[in-house]
Structure formats: structure tokens, C-alpha cells
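Here the structure is laid out as C-alpha cells; the discussion comes afterwards.
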Amino acid sequence: MIWGAVIVAAGRGSRFGRPKQLVELGGKPMLAWSIEVFASMPEISDIAIVTEREFVADVQHVASGLVRSASLVVVAGGADRQTSAANGIAALPEHCAGILIHDGARPFVRPSDVRAGMRAVRPGVSALLAAPVVDTIKVVTDTGKVVRTLDRASLWAAQTPQFATARDMRAAHVEAVRHDWPRATDDAALLERYGNDVVVVESSVENVKVTHPADVVRAEAIAQTRDALVVAEEDVFLVECFVEARSVDAVMAELESRSAHIDAVERDLPNAVAIRAFAGSDALRGFGRSLHALAGEDALFTTHLSHVVQRT
């Protein structure tokens, strides 16, 4: 499945005290961290960043230096998060079969978590990264009186990215406007109301949200460890392509030009030929767009992490 990623970074930073999109963490803007993650993933062919209108040029400058293979667009946000997310969705092209939406204030999402969320998606089934609630949660009145205590065993704190097929994500946002649903603070709520099954995928502990100025201290500590890991290691994937027979030679040549090792070709499937190969994440950048150019929009590919190697 070819994915489009929407990064929502259009908030005014009221709790932070100032807009935080370009606040520096570990020597680079906060937003740059998640841009780098999505730009490194061959499954993602298009990235749409949503920000405040006055920051569009600045964000474009930052992102342009980080996105090498995927298509990039930066658009202005709306009056609230739901509208901003919808603006980002509208900026993605129709060839994206899946859409993920991420909060730019969560800079340290891991590619492995993103892929786990992607794998859970199918028509009618959406997913989101989340973490089990560790605090005891009280329901209180406006005056502060405790009404009841919730059982935290069944409570999860929603995070991002949140994932769906493009058809489901677009339809949920359209229906929300058409029927004037209550404004949602995340896309999973719209997908629930639309009728999708929504499943949680447990996230890594680093997927924190920078909301208050004090959060920067913790984020800086994570940044110091994350940067070294990203530079030192490269993921190697098992890539499975499903194409028509007439496109097999061209797709194999494209993979080999990217230093991929062809492992197997299955020609006895009922509706397609399966090509299996191993390739590094760097070599696979932009592969989705090349696959569609060579084999048509109906061609599919999946990636599964095989192992990790040290960069040379």
C-alpha cells in the first residue's frame, strides 16, 4: 500500500507559551524529527505538512532539505485541528491508498511503530498508536467533586500517527462536515463515528508530546540518544511487489538498480506476479512512485523489517 503522511503543526502553542513548530530540539527544529522519519520510509510517497499561515515559508524551507524522494507540500491550517487535518488530507494525491495523520508535537515516533500501525489497516479497520494509562483517572464535576473512578485496565491514551485507508479517512472527514458532528480532537474519533473498527497499537515510550515548556527537557534527553541511533543503523526490508506479468522485468531491474537482492519470483498467483527482494531503507526511497510509473497504479508493494545493519 502506498501511503500519504499528514503532519499537523498548525497550533498556536497556547499551553506552550508560543508556537512550537520550529522550537529547536537536539540541534534541529522540532518538526524536523518527524519529517525525517516519514521521509525515510519507502512506503510513504507523499508528505503534507499543515502549519500556521505565517510559518508556511519557514516550514517549507526546513522540510525541503529533509525530503528527498517523497513529494512534499506545505499548506495552511484551519481554525481547529479537525479542519487542519482535513486541509492536509485534501493536499494528498489520489494515488495514496493509505493515509496517516501525525501530530508534529510528537517528534520521536519510531519507524517500527509507524509500520506496526500501517499493518493493522484494511478497509473498515483503522488504527492509532496509543499507550496504556498508568495513572488512576477520576471523573469530576465542574466544581471538582469526584463522580467516579475509572478502571484504568481498559484505558489507553491516544497518540499519533493515526491510520486508515485513504477512502475511509477521507469519507470520515467528509461525513463529519456534512452531518455537523461535534468537533473531534483526533481522527480516530471521526473514524469510530463513521463506523470503522479502530484498534490500538502500543507505541514506544519515546513517542511523547511536547505540550508545556517543561517537556522540552525530557525531549532534549531523548534527542541526544535518538540521533546517534538513526545515523548508526539502517533497516533492511523484505519487499514484496505484486505486479502484472508484463511489468516483472522492469520492476526487477528497478530493484536491482537500487542494490536490492532478488530473493524469489512467484508466477503462479491467480491475479499477479509476486517479486520478493531484500533492500535497505535508503535504497528504497521513492520506490513507490517508481513502481507505479513502471507497473501502473494497481501495483502493490509491502515491506517487512528483516534486520538492521550498521551503516558503512
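The values are calculated or read from the model by the stated rules, or taken from the named source; none is laboratory data. On a predicted model such as this, the values are computed, not experimentally measured, just so you know. Glycine also receives a Cβ, built like all others from the backbone with ideal geometry; neighbour counts cover every protein chain displayed. Accessible surface areas use protein heavy atoms only, side chains included; no ligands, DNA or RNA. Shrake-Rupley method; radii C 1.70, N 1.55, O 1.52, S 1.80 Å.
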**Fill in**
Using alpha-carbon coordinates alone, the radius of gyration and Dmax of region 181-250 in Å work out to 20.3, 58
**Complete:** With the 1.4 Å probe rolled over protein heavy atoms, the chain has an accessible area per residue in Å² of 48 Å²
**Fill in**
About its Cα centre, the chain carries a charge dipole, from +1 on Lys and Arg Cβ atoms and -1 on Asp and Glu Cβ atoms, whose size in debye to the nearest 20 is 920 debye
**Asked** What part of the accessible area of region 1-118, given as a whole %, is carbon or sulfur when the probe is 1.4 angstrom?
**Response** 50 percent
**Prompt:** What do you reckon, how do LYS138, LYS209, LYS20 stack up by accessible area (1.4 Å probe), largest on top?
**Reply:** LYS138, LYS209, LYS20
**Asked** Toward the positive end of the charge dipole of the chain, about the Cα centre and with charges on Cβ (Lys, Arg +1; Asp, Glu -1), which of VAL50, ILE262, TRP181 goes farthest?
**Response** TRP181
**Asked** Hey, quick one: spin label on LEU305, modelled 7 Å out along Cα-Cβ, who in region 94-135 has an amide N within reach, i.e. under 11 Å?
**Response** 110-117
**Prompt:** What residue among ILE222, ALA253, ALA279 has its Cα farthest toward the positive end of the dipole of region 200-300, where the charges are +1 on Lys, Arg and -1 on Asp, Glu, each on the Cβ?
**Reply:** ILE222
**Request:** Any chance you could look up the accessible area of MET1 with a 1.4 Å probe, heavy atoms only, rounded to 10 Å²?
**Result:** 60 Å²
**Prompt:** Looking only at region 156-195, which residues have a backbone nitrogen under 19 Å from a spot 7 Å from the Cα of GLU297 in the C-beta direction?
**Reply:** 165-171
**Asked** Gaussian network model of the chain, Cα springs within a sub-10 Å range: biggest mean-square fluctuation belongs to which of THR149, THR225, THR141?
**Response** THR141
**Computed over region 1-125, Kirkwood Rh from alpha-carbon pairs, angstrom** = 14.5 Å
**Request:** Rounded to the nearest 0.05, what FRET efficiency do ALA57 and GLU175 give with R0 = 35 Å and r taken as the Cβ-Cβ distance? Could you check?
**Result:** 0.55
**Asked** To the nearest 20 debye, what charge dipole does region 28-140 have about its Cα centre, counting +1 at the Cβ of each Lys and Arg and -1 at the Cβ of each Asp and Glu?
**Response** 340 debye
**Asked** Using only helices, what value at 222 nm comes out for the chain when you add -39,500 (n - 2.57) per DSSP H run of length 4 or more and divide by the total residues, to the nearest 500 deg cm²/dmol?
**Response** -9500 deg cm²/dmol
**Message:** Could you compute Rg(Cα) / (2.2 N^0.38 Å) for region 92-185, with N its residue count?
**Reply:** 1.34
**Asked** Of all accessible surface on region 185-305 at a 1.4 Å probe, what whole percent is carbon and sulfur?
**Response** 52 percent
**Prompt:** Using alpha carbons only, what's the Rg to Rh ratio of the chain with Rh from Kirkwood?
**Reply:** 0.99
**Fill in**
Measure of exposure for SER154: accessible area at 1.4 Å probe, Å² rounded to 10, is 90 Å²
**Message:** For LEU66, what residues show an amide H to amide H distance below 5 Å, using hydrogens built from the backbone and excluding near sequence neighbours?
**Reply:** none
**Request:** Give a quick list of trypsin sites (Lys or Arg not before Pro) in region 220-312 that DSSP marks as loop, anything other than H, G, I, E or B, with at most 12 other Cβ atoms within 10 Å.
**Result:** ARG267, ARG311
